[in-house]
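Right, one structure below, let's go through it.
The values are calculated or read from the model by the stated rules, or taken from the named source; none is laboratory data. Small disclaimer: the values here were computed from a predicted structure and weren't measured. With ideal geometry, Cβ positions are generated from the backbone for all residues, glycine too; neighbour counts draw on all protein chains shown.
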């Protein structure tokens, strides 16, 4: 059941990225170009995501366990520490340079695999480097 829920969630997320245009690196880079030809579309997509997420948190409060898992697995801390800050900076730099973040990059594998494959390979290489040399 968990695999089916994960598959449907991933397909829904990927379809949302494609439908909203957020899998297009040019649109993302235009959002980040605040002093040039700025495209606010991504802000509307992020703002629109607040509504279903707020509903999900309301539903979560009423459940003792998730529908497709034995327990809720929420982060145990909200501290802003060095590894989080470094990761956020690296993520933002990569997103700004490539116009891609991990979710849209994986979705783009279905749309333009050859164009996005170097990014995805570099992303996985970065994950391996982080596992080999953790910051904390």
What helices (runs of 4 or more DSSP H) completely inside the stretch 29-136 contain at least 3 residues that are over 21 Å from residue 8 (Cα atoms)?
-> 41-62, 82-98, 113-132
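Within the stretch 16-28, count every residue that is in a helix (DSSP H, G or I) and under 21 Å from residue 117 (Cβ atoms).
From the stretch 16-28, those in a helix (DSSP H, G or I) are 16-20, 25-28; that's our starting set.
If we keep only those that are under 21 Å from residue 117 (Cβ atoms) too, we end up with 17-18, 25-28.
Adding up the residues that qualify gives 6.
Got a sec? Which of 76, 99 is modelled with pLDDT under 80 and touching a helix residue (DSSP H, G or I) at 6+ places or on another chain (Cβ under 6 Å)?
Working: 76 fails: touching a helix residue (DSSP H, G or I) at 6+ places or on another chain (Cβ under 6 Å).
Going through 76, 99 in turn, just one is modelled with pLDDT under 80 and touching a helix residue (DSSP H, G or I) at 6+ places or on another chain (Cβ under 6 Å): 99.
For (1) surrounded by 11 or more Cβ atoms within 10 Å (Cβ to Cβ); (2) under 23 Å from residue 29 (Cα atoms), each residue gets a yes or a no:
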site: 76; (1), (2): no, no
site: 82; (1), (2): no, no
site: 85; (1), (2): yes, yes
site: 88; (1), (2): yes, yes
site: 96; (1), (2): yes, yes
site: 100; (1), (2): yes, yes
site: 106; (1), (2): yes, yes
site: 111; (1), (2): yes, yes
site: 130; (1), (2): yes, no
Just for the stretch 9-41: of the residues that are loosely packed, with under 15 Cβ neighbours inside 10 Å and touching a residue at least 40 places away in the same chain (Cβ under 8 Å), which one is farthest from residue 109 (Cα to Cα)?
-> 26
